[in-house]
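My questions will all concern the structure given below.
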Amino acid sequence: MTPWGPQASPSLSSMDRLINLPVIQSPVDFGPLLDRALDVAEEEEDASLLDDASLACAVDALSVGGDGAPLPQNTDGGSPVLHPSPAMSLPVETDEDQPSQSEGNREGKRMRRRNKRRAEREKRSPWNYQPKLRVGEKHSTPDVIDVSFGVEDFPATRNAYVAKAQAIIRERPLTVQDLKDIGMPIKEWEGKTSHVLRDRGKFNVGYLLGQPNDEDWPAVVAEANRVFEEARVEGEGHFTASEKKTRRGEFVALVAGVTFCKSKEHPDVRGNLEKQQELIDRLCENPAVARIAGFGSASMAYGAPKIYRHYVDHLEPLYERYGLSTLFGDSIFPSANFNLGPQSASAVHADSGNVPYGHCHITALGNFDHKKGGHFVFWDLGFAVEFPPGASILIPSACVRHGNTVIQDGEKRYSFTQYCPGSLIQWVRCGFRTAKSLTQAERDEIDGVGDARRQKLMNLFSKYDELAADQQLVFKKGKI
């Protein structure tokens, strides 16, 4: 038996057959046309979209919050501070150093757009989220990574509320050398451009989201790093053994949000010890963490609109019935993990309790060399990819086994994940009752006979050439 367990290790030749990956490249560069395009854009929103052509920028600019989220410069709970850009500074004595009128106008428009999105974000909820789809049509699509894996391969249970348990590859995280030894391809990624994972049926089963094309995003990431490290240090002496050594690896992890425990009569907010809950509340209230959460939710709405609609249809009535609140004001995900490190790296696993035909949002944080460690391993897709701090990924974590490579000594890595437990969807579909309380006839009426529901849910993933149509179908006025 090999150290990889009962399942055979993939060879280099088998990996070559598994996947056909293009070289990851930057999206289209508008070059000298950019300034002119900004000047002649008929609407302010159109102009904001031309700053970049990646999906990450599209999501950030199209969401009614995007780069208008509260900035992390002011973390005492007060209003965010806006610093004037050079184009808005007071004029100096020499004419040659003064910005042109057109530059000043453009900067003023950008600031007005940012203030408008900030105001709209404050009153937005995930239940009524509306991306500006007409403007989004002007964006180029993300680069494609084709994989020889399909939604029909997902190991979902018959009624598809959760996934089946899968074989454990190894109990500890992999190293970069491990990946080389088994011949698994490692793809370069700077963590900024966006890429779609397209299965053999042409379904978009995941995304390398990248990050918003905002000049202040590095500050957002730095603030998230700070508050994660602060929580870990302050929590020392309070964390339980299970919080310091998880099933995924040896790192501190706090779990928050709505779940369904057998000890409770209905889904409710997860119970935590007093100190842990204090740290969780502080993390959720932090503007930088909230902004990352909102980006993940908006990304799923844009890249997987039918899945987003599926979440809204089931979670909104659940929250209303029991008076629950979302962890973050504009994130659809009901649960989150704060992996506080100091060296967060997960063994290859699948989160079988999550919605099988849904997405998990994962963001890498910390200070580490992403060339030497912290890679994201798509075990079932047959490749690994560099995963720099500040970048995000969207995957069906219940069915696609995944993990990370270890980082170097002295480095720090945190991660932030958002997801939806499948038990929440099942509770609502069963009429706010347990499935065990239903008769077989009632179950068949709700889920269909055999694996009918499973077959139907496969189509929640949008096909590559049908994404725009799905966005229009889901988000046209009055739908959500």
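The values are calculated or read from the model by the stated rules, or taken from the named source; none is laboratory data. Predicted model, so just to flag it, every value in this text is computed and none were measured. Neighbour counts run over all protein chains shown; Cβ positions are idealised from the backbone, glycine included.
Residues that are free of Cβ contacts under 8 Å to residues at least 12 places away in the same chain and either assigned to a helix (DSSP H, G or I) or closer than 18 Å to PHE368 by Cβ (or both): does region 156-177 have at least one?
Yes, region 156-177 contains at least one residue that is free of Cβ contacts under 8 Å to residues at least 12 places away in the same chain and either assigned to a helix (DSSP H, G or I) or closer than 18 Å to PHE368 by Cβ (or both).
Looking only at region 191-221, count every residue that is under 18 Å from the mean Cα position of the chain (by Cα) and farther than 26 Å from SER462 by Cα and tell me the total.
5
Inspect all residues belonging to region 188-198 and state whether any of them is outside any strand (DSSP E or B), assigned by TED's automatic domain parsing to the domain that holds HIS359 and modelled with pLDDT under 90.
Within region 188-198, none of the residues are outside any strand (DSSP E or B), assigned by TED's automatic domain parsing to the domain that holds HIS359 and modelled with pLDDT under 90.
If LEU208 satisfies every condition in (1) farther than 30 Å from HIS314 by Cα; (2) buried (at least 21 other Cβ atoms within 10 Å of the Cβ) but one, which is the exception?
Here LEU208 meets the rest and fails (1).
A further question on this structure: Can you report the number of residues in region 452-468 which are over 15 Å from TYR207 (Cβ atoms) and in contact with a strand residue (DSSP E or B) (Cβ under 7 Å, 6 or more places away or on another chain)?
Summing the residues that are over 15 Å from TYR207 (Cβ atoms) and in contact with a strand residue (DSSP E or B) (Cβ under 7 Å, 6 or more places away or on another chain) in region 452-468 gives 1.
The rows are residues; the columns are (1) farther than 30 Å from CYS430 by Cα; (2) at pLDDT below 85; (3) not in a helix (DSSP H, G or I).
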position: VAL92; (1), (2), (3): yes, yes, yes
position: ARG112; (1), (2), (3): yes, yes, no
position: ARG117; (1), (2), (3): yes, yes, no
position: ARG121; (1), (2), (3): yes, yes, no
position: ARG134; (1), (2), (3): yes, yes, no
position: ILE145; (1), (2), (3): yes, no, yes
position: PHE149; (1), (2), (3): yes, no, yes
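Still on this structure: If I go through region 331-345 residue by residue, how many of them are assigned to a loop (DSSP other than H, G, I, E, B) and buried (at least 24 other Cβ atoms within 10 Å of the Cβ)?
Of the residues in that region, 6 qualify.
What number goes with the only condition from (1) under 25 Å from SER335 (Cα atoms); (2) not in a loop (DSSP other than H, G, I, E, B) that ARG443 does not pass?
Result: ARG443 passes all but (1).
Suppose we filter region 222-272 for residues that are modelled with pLDDT of 85 or more and of a type in the set (S, T, N, Q); how many remain?
3
Within the set of pairs 6 or more residues apart or between chains, which connect a residue that is surrounded by 14 or more Cβ atoms within 10 Å (Cβ to Cβ) inside region 462-480 to a residue that is modelled with pLDDT of 90 or more and not in a helix (DSSP H, G or I) with Cβ atoms less than 6 Å apart?
Going by the 6 Å Cβ cut-off, the qualifying pairs are SER462/ASN204; LYS463/LYS202; LYS463/PHE203; TYR464/ARG198; TYR464/LYS202; TYR464/ASN204; ASP470/SER462.
Still on this model: Collect the residues in region 243-259 that are of a type in the set (A, V, I, L, M, F, W, C) and assigned to a loop (DSSP other than H, G, I, E, B), keeping them in residue-number order.
Selection gives PHE251 alone.
So if I check each of GLY366, GLY374, which one is modelled with pLDDT of 95 or more, crowded, with 24+ Cβ neighbours inside 10 Å and in a loop (DSSP other than H, G, I, E, B)?
When all the criteria are applied, what remains is GLY374.
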